[in-house]
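The values are calculated or read from the model by the stated rules, or taken from the named source; none is laboratory data. Nothing here was measured: the structure is a model prediction, and the numbers come from that model. Virtual Cβ from ideal backbone geometry, glycine too; neighbours counted across all protein chains shown. Calculation scope for accessible area: heavy atoms of the full protein, side chains included, ligands and nucleic acids excluded. Shrake-Rupley method; radii C 1.70, N 1.55, O 1.52, S 1.80 Å.
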Amino acid sequence: MLKIEHLTKAYGSKKAVDDLSLHIAPGEVYGFIGHNGAGKTTTIKSVAGILLFDSGRILVDGVDIAKDPIACKQRMAYIPDDPQLYAFMRGTEYLNFVGDIYGVGAAQRQERIAIYAQAFDMTEDLGQAIGAYSHGMKQKLALMAAWLHQPLMDEPFVGLDPKAAHTLKGMMRTLCDQGGAIFFSTHVLEVAEKLCDKVAIIKDGRLIRPGTMEEVKGDESLESVFLELEE
């Protein structure tokens, strides 16, 4: 579903991502962890088609994002840690705008919006202007928009209250059980350990340990392994 092959991206003389290769298969929740500045956001923005990269390939359902970025973007959704939404729009207007872009039918769109609005306690807020939303409400709206199709997430739990975080975990698992795939970065290692099928640890732009959760952490906690590798 998503293949990253020998991805390299530099800013001047510093390689933010250095020869990174990963494969996220259908049905997998894949966690991507590392310290601040490790290269997580650069990788995810490259996958989302936001950043140009220096070398390597990124394939989404077999489509090369460098050759056909529009086709790739139609197959995924990107949720940043700080969603930049149109403040002048109302919540419902934004969701319908996203639905139009991705060709989600009116009936299916309204059904999904109703389900996710209730799940995130946003039903009464969708008529308000996004500019009046708190950060947590904006994050919920971005998640609802992404779930009109399939997500790629950079710190999706930032700003969510415990109930919304619990809801999101369930939505992630359900989507993957239906054949989708989720690639997300997080600093919350306890969430990654409980939720992810596979995990990759990145340090200074280089992949240092990928694999199933059992392969990566063994008999230790993910936090212990991460701290050992970061030394």
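Tabulated results
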{"quantity": "Per-region count, region 177-211, residues of a type outside the set (Lys, Arg) and open to solvent by 40 Å² or more (accessible area, probe 1.4 Å)", "calculated": "11"}
{"quantity": "Residue within region 139-156 that is over 21 Å from TYR94 (Cα atoms) and open to solvent by less than 70 Å² (accessible area, probe 1.4 Å) present", "calculated": "yes"}
{"quantity": "Answer residue from region 128-138, given it is assigned to a loop (DSSP other than H, G, I, E, B) and open to solvent by 50 Å² or more (accessible area, probe 1.4 Å) and is nearest to LYS45 (Cα to Cα) among those", "calculated": "SER134"}
{"quantity": "Of the criteria (1) closer than 21 Å to PHE32 by Cα; (2) assigned to a loop (DSSP other than H, G, I, E, B); (3) not basic (Lys, Arg), which one LEU152 fails", "calculated": "(2)"}
{"quantity": "Number of the condition not met by GLN84 [criteria: (1) assigned to a loop (DSSP other than H, G, I, E, B); (2) among the polar types (S, T, N, Q); (3) farther than 30 Å from ALA117 by Cβ]", "calculated": "(3)"}
{"quantity": "Condition check for THR92: open to solvent by less than 30 Å² (accessible area, probe 1.4 Å), among the β-branched types (Val, Ile, Thr) and not in a strand (DSSP E or B)", "calculated": "no"}
